[in-house]
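Asks: Let me begin by handing over the structure; questions about it come next.
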Amino acid sequence: MGKRVLIVDDEKNMRWVLGEALRAEGYEIAEASDGKEALALVAESAPDLMVLDHKMPAPDGMEVLRRIRGKGLSFPVIMLTAHGNVQTAVEAMKAGATEYLTKPFDLEELKLVIEKALRTGELAAEVERLRAEVGKQYDVEGIVAGSASMLSVLETVKKVAPTNATVMIYGESGTGKELIARAIHQLSDRAQRPFVSVSAGALPETLLESELFGYEKGAFTGALQAKPGRFELANGGTIFLDEIGDISPAVQVKLLRVLQERVFERLGGTRSIEVDVRVVAATNRDLQELIAAGTFREDLYYRLNVVPISLPPLRDRPEDIPRLIAHFLEKIGAGKKRIAPEAMQALVDYKWPGNVRELENTVERIVILSHGDEIGLEDLPAEIRSGFVLQGGERCFVLPESGVNLEEVEMDLIAQALERTGRNVPRAAKLLGLTTKTLEARMQRLGL
């Protein structure tokens, strides 16, 4: 059964036209001739979406909208009026309208608005459902995931964790490589033993060597007493070597010996130390390219790459973004905060170059800087709003401080419009405010 749309208008012909057009799109239609009848129908069973006329006998559309929102009902409401002006539009949006169209309007435009409103409404409902479940365990060690790509990763984690196999985790910065490494440790027989993390790229060669393998008293100036290295500290447990592609050739040789023989010597020492350590490494670089360039040992690569795990960037799993946001809101104690549908859609559409880490930092930032219980589009950073904000009820473009590539923006917007309209060029042109001929010319110029 299709989504249920309630059409509220005191003009019988308008209800008929809208009803026939929307039934043809597969929607289930209910009708009300005035505000009183509309409120009664909503009380019986809330629709998935309401198309609401502004000017009706009391209670008018604005009053109906206020009563609906006053009852805590959040389904999308599209306000229609023949007497539109900016002030009325702002009043309707403040009262909780999802969108505002002025009569006469184009039926194709209304269909697109309804489609978008239902999609964002479903997104908001999913967030609320996920927030209610946020206290429950997710698939692996509390990792928040629902996309097919991440669930596949977690399945691999479950299979490899009980073994002693060395694991190599690939992924862009911020994708959660250490979180996966910790999950492997926690699901293994080593869970009660230490988990030791080392960021190889953050340390110079000499310091990294002493951190990994320790040093003896007098090994260098300032070595006033012996110090065990991270491998010793991780004995019986797991050591996580992050940014493994950044280590020097000299340290690579020593690391290779540890992997092969499970023994090493401290810096300045001669006594061989034997350890039982499970190694999990990670990198955001292409090790095959480093091997070809002669900066990474091929034999070390094969020792590390026993079980490879590739983490997808957040932009490739947007369906996980609402559940991640719900998780972060709960994590920082913002239980009363809600994300408005338009804001959520902007967050889902953003490409997240910093991946999950950037998303978490952004959620914390907007919670701190926003006012009230609802986070709206205007509360998001400019780069996440896809360049658009609401000012006085009107959309306007905001140029990010870093600037934009105008051709890339144009290409992206056209591609989005084509995707949303099923590659229907006339509808896409209307969505972009262009004539069909103009859009076709731009598509040809951009090679779309």
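Asks: Name the single residue that is modelled with the lowest pLDDT among those in the stretch 325-335 being in a loop (DSSP other than H, G, I, E, B) and not β-branched (Val, Ile, Thr).
Replies: Start the filter on the stretch 325-335 by keeping residues that are in a loop (DSSP other than H, G, I, E, B), which leaves 332-335.
Those still in the list that are not β-branched (Val, Ile, Thr) too: 333-335.
On the way: Gly333: 83, Ala334: 80, Gly335: 66.
Checked the stretch 325-335; the qualifying residue modelled with the lowest pLDDT is Gly335.
Asks: Can you pull out the helices (runs of 4 or more DSSP H) entirely within the stretch 27-104 that have at least 2 residues that are without any contact (Cβ under 8 Å) to a residue 60 or more places away in the chain and within 20 Å of Glu342 (Cβ to Cβ)?
Replies: Values: elements: 35-44, 61-70, 86-95.
Result: 61-70, 86-95.
Asks: Follow-up question, since we're still on this one. Quick check on Leu212: is it in contact (Cβ under 8 Å) with a residue 60 or more places away in the chain, part of a helix (DSSP H, G or I), in the same structural domain as Asn305 (by TED's automatic domain parsing) and closer than 27 Å to Glu289 by Cβ?
Replies: Working: in contact (Cβ under 8 Å) with a residue 60 or more places away in the chain: no; part of a helix (DSSP H, G or I): yes; in the same structural domain as Asn305 (by TED's automatic domain parsing): yes; closer than 27 Å to Glu289 by Cβ: yes.
In short, no.
Asks: Go through the stretch 1-25 and give me each residue that's of a type outside the set (A, V, I, L, M, F, W, C) and touching a residue at least 40 places away in the same chain (Cβ under 8 Å). Write out each step before concluding.
Replies: At the first step, the residues of the stretch 1-25 found to be of a type outside the set (A, V, I, L, M, F, W, C) are 2-4, 9-13, 15, 19-20, 23, 25.
Scanning the stretch 1-25 gives Lys3, Arg4, Asp9, Asp10, Glu11, Glu25.
Asks: While we're here: Hey, does the stretch 388-403 have a residue that's surrounded by 13 or more Cβ atoms within 10 Å (Cβ to Cβ) and either at pLDDT 80 or above or under 27 Å from Ser173 (Cα atoms) (or both)?
Replies: No, the conditions are met nowhere in the stretch 388-403.
Asks: Separate question: Which of (1) of a type in the set (D, E, K, R); (2) surrounded by 14 or more Cβ atoms within 10 Å (Cβ to Cβ); (3) at pLDDT below 80 does Arg427 not meet, given it meets every other one?
Replies: In the conditions (1) of a type in the set (D, E, K, R); (2) surrounded by 14 or more Cβ atoms within 10 Å (Cβ to Cβ); (3) at pLDDT below 80, Arg427 misses (3) alone.
Asks: Quickly run through the stretch 1-32 and pick out the residues that are small (Gly, Ala, Ser) and either out of contact with any helix residue (DSSP H, G or I) (no Cβ under 7 Å at 6 or more places or on another chain) or not assigned by TED's automatic domain parsing to the domain that holds Leu73 (or both). Talk me through it step by step, then tell me what you get.
Replies: Residues of the stretch 1-32 that are small (Gly, Ala, Ser), as a first pass: 2, 19, 21, 24, 26, 30, 32.
Hits for the stretch 1-32 are Gly2, Gly19, Ala24, Gly26.
Asks: Select, from Glu364, Glu378, the only residue that is at pLDDT 75 or above, touching a Phe, Trp or Tyr at 6+ places or on another chain (Cβ under 8 Å) and outside the structural domain of Arg69 (by TED's automatic domain parsing).
Replies: Numbers: Glu378 fails: touching a Phe, Trp or Tyr at 6+ places or on another chain (Cβ under 8 Å).
It is Glu364.
The rows are residues; the columns are (1) assigned by TED's automatic domain parsing to the domain that holds Ala165; (2) surrounded by fewer than 21 Cβ atoms within 10 Å (Cβ to Cβ).
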site	(1), (2)
Val277	yes, no
Ala282	yes, no
Gln288	yes, yes
Ile291	yes, yes
Gly294	yes, yes
Arg297	yes, yes
Val306	yes, yes
Glu319	no, yes
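Asks: Restricting attention to the stretch 49-75, and to residues there that are within 13 Å of Arg4 (Cβ to Cβ) and at pLDDT 90 or above, which single residue is surrounded by the fewest Cβ atoms within 10 Å (Cβ to Cβ)?
Replies: Residues of the stretch 49-75 that are within 13 Å of Arg4 (Cβ to Cβ), as a first pass: 49-51, 75.
With at pLDDT 90 or above added as a condition, the list becomes 49-51.
Values: Leu49: 23, Met50: 29, Val51: 28.
If we take residues in the stretch 49-75 being within 13 Å of Arg4 (Cβ to Cβ) and at pLDDT 90 or above, then Leu49 is surrounded by the fewest Cβ atoms within 10 Å (Cβ to Cβ).
Asks: Within the set of pairs 6+ apart or on separate chains, which have a first residue in the stretch 233-251 that is without any contact (Cβ under 8 Å) to a residue 40 or more places away in the chain and assigned by TED's automatic domain parsing to the domain that holds Leu287, a second that is in a loop (DSSP other than H, G, I, E, B) and surrounded by fewer than 24 Cβ atoms within 10 Å (Cβ to Cβ), and C-beta atoms under 8 Å apart?
Replies: Short answer, once both residue conditions are applied: Leu233/Pro194.
Asks: Under 17 Å from Thr166 (Cα atoms), polar (S, T, N, Q) and surrounded by 14 or more Cβ atoms within 10 Å (Cβ to Cβ): which single residue out of Gln260, Gln252 fits that description? Before you say what the answer is, go through the steps one by one.
Replies: Numbers: Gln260 fails: surrounded by 14 or more Cβ atoms within 10 Å (Cβ to Cβ).
Answer to the selection: Gln252.
Asks: So, one more: Select from the stretch 143-187 the residues that are buried (at least 20 other Cβ atoms within 10 Å of the Cβ) and of a type in the set (Ser, Thr, Tyr) and list them in ascending order.
Replies: Result: Thr175, single match.
Asks: If you don't mind, another one. Can you pull out every residue in the stretch 291-318 that is part of a loop (DSSP other than H, G, I, E, B) and free of Cβ contacts under 8 Å to residues at least 60 places away in the same chain? Walk me through how you get there before you give the answer.
Replies: Applying the first criterion (part of a loop (DSSP other than H, G, I, E, B)) to the stretch 291-318 yields 293-297, 305-306, 311-313, 317.
Listed by number, the residues that qualify are Ala293, Gly294, Thr295, Phe296, Arg297.
Asks: Among the numbered criteria (1) in contact with a Leu (Cβ under 6 Å, 6 or more places away or on another chain); (2) over 19 Å from Thr270 (Cα atoms), which one does Ile180 miss?
Replies: Ile180 satisfies every listed condition except (1).
Asks: Now for a separate question. How about the stretch 336-367: which of its residues are over 22 Å from Val409 (Cβ atoms), in contact (Cβ under 8 Å) with a residue 40 or more places away in the chain and part of a loop (DSSP other than H, G, I, E, B)?
Replies: Selection gives Ala340 alone.
Asks: While we're here: Would you say Gln288 is assigned to a helix (DSSP H, G or I), within 29 Å of Pro313 (Cα to Cα) and out of contact with any Ser or Thr (no Cβ under 6 Å at 6 or more places or on another chain)? Give the steps one after another, and end with the answer.
Replies: Details: assigned to a helix (DSSP H, G or I): yes; within 29 Å of Pro313 (Cα to Cα): yes; out of contact with any Ser or Thr (no Cβ under 6 Å at 6 or more places or on another chain): yes.
So Gln288 fits the description; yes.
Asks: For Ala219, state whether it is in a loop (DSSP other than H, G, I, E, B), touching a residue at least 40 places away in the same chain (Cβ under 8 Å) and in contact with a Leu (Cβ under 7 Å, 6 or more places away or on another chain). Let's see the steps before the verdict.
Replies: Working: in a loop (DSSP other than H, G, I, E, B): yes; touching a residue at least 40 places away in the same chain (Cβ under 8 Å): yes; in contact with a Leu (Cβ under 7 Å, 6 or more places away or on another chain): yes.
For Ala219, the condition - in a loop (DSSP other than H, G, I, E, B), touching a residue at least 40 places away in the same chain (Cβ under 8 Å) and in contact with a Leu (Cβ under 7 Å, 6 or more places away or on another chain) - is met.
Asks: Could you go through the stretch 174-185 and let me know if any residue there is more than 30 Å from Glu358 (Cα to Cα), of a type in the set (Lys, Arg) and out of contact with any helix residue (DSSP H, G or I) (no Cβ under 7 Å at 6 or more places or on another chain). Talk me through it step by step, then tell me what you get.
Replies: From the stretch 174-185, those more than 30 Å from Glu358 (Cα to Cα) are none; that's our starting set.
Scanning the stretch 174-185, I find no residue that is more than 30 Å from Glu358 (Cα to Cα), of a type in the set (Lys, Arg) and out of contact with any helix residue (DSSP H, G or I) (no Cβ under 7 Å at 6 or more places or on another chain), so the answer is no.
The values are calculated or read from the model by the stated rules, or taken from the named source; none is laboratory data. Here the structure is a predicted model, which means the values were calculated and not measured. As a convention, Cβ positions derive from the backbone with ideal geometry for all residues, glycine included, and neighbour counts pool all protein chains shown.
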